[in-house]
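The block underneath contains the structure these notes are about, expressed in structure tokens.
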Amino acid sequence: NRALSRTLRMAGTRLINTTSWPELGEALADALGRLAIPGCFIALEQPDGAHRGVIAVRDRDVSFELEGHFSRDRLFPEAMADRPRRVTRLLEPLVLMQRRLGYAVFETGPLDGRVYAALRDHLSAAIGNLDSRRVGMPS
């Protein structure tokens, strides 16, 4: 599908070129909206192996710095589970050059796996880019 490929390419370009965490959150919210994906949560791995929630997008509303630690027992914030209908979620690892960055949980929209794989790769590159420039975490 040409339109989908173009949307993914544009979203990827915007995500990869972000220069701050707020800009990444805005770019992610826009991409999710264009792709009809209701929500996404990103947690980054900490040196002790725990994960810290850094961005949550739900219906284009962006939140930063989510409370508490995240793990396989608590993959995403409870607020993201509060939906009036049944939801399918997809867990994707965020990895850059064999370095584990964390993970993303997508609330699924389209049933095309290419969408989530592309977003995962773009987010990994964007987060790796922010990290390599030592851009401060959102507060």
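Highest mean packing comes first when the peptides 14-25, 45-56 are listed by Cβ atoms within 10 Å, giving 14-25, 45-56.
Note on Val95 and Glu78: their simple-model spin labels are 3.3 nm apart, each label 7 Å out from Cα toward Cβ. Where only DSSP H runs of four or more residues are counted, the chain gives -11500 deg cm²/dmol as its mean residue ellipticity at 222 nm, each run worth -39500 (n - 2.57).
Over all Cα atoms in the stretch 19-65, the spread is summed up by Rg and Dmax: 11.3, 36 Å. Among Phe41, Phe106, Phe70, the residue with the largest mean-square fluctuation in a Gaussian network model of the chain, with springs joining Cα atoms closer than 10 Å, is Phe70. Across the options Leu96, Asn1, Phe76, the greatest Cα extent toward the positive end of the charge dipole of the chain (unit charges at beta carbon of Lys, Arg, Asp, Glu) belongs to Asn1.
A full extension of the chain between Thr7 and Glu23 corresponds to an added length of 3.9 nm, given 0.36 nm per residue minus the alpha carbon distance. Each Lys and Arg Cβ is given +1 and each Asp and Glu Cβ -1; about its Cα centre, the stretch 1-111 then shows a dipole of about 600 debye.
Evaluated at q = 0.13, 0.20, 0.21 Å⁻¹, a Debye calculation over the C-alpha positions of the chain (equal weights, vacuum) places log10 I(q)/I(0) at -0.50, -1.26, -1.41.
Quick note: the coordinates plus some simple rules give every number you see, no bench work behind them. This structure is a prediction, so every number in the text was calculated from the model and none was measured. We place every Cβ from the backbone using ideal geometry, glycine too, and count neighbours over all the protein chains shown.
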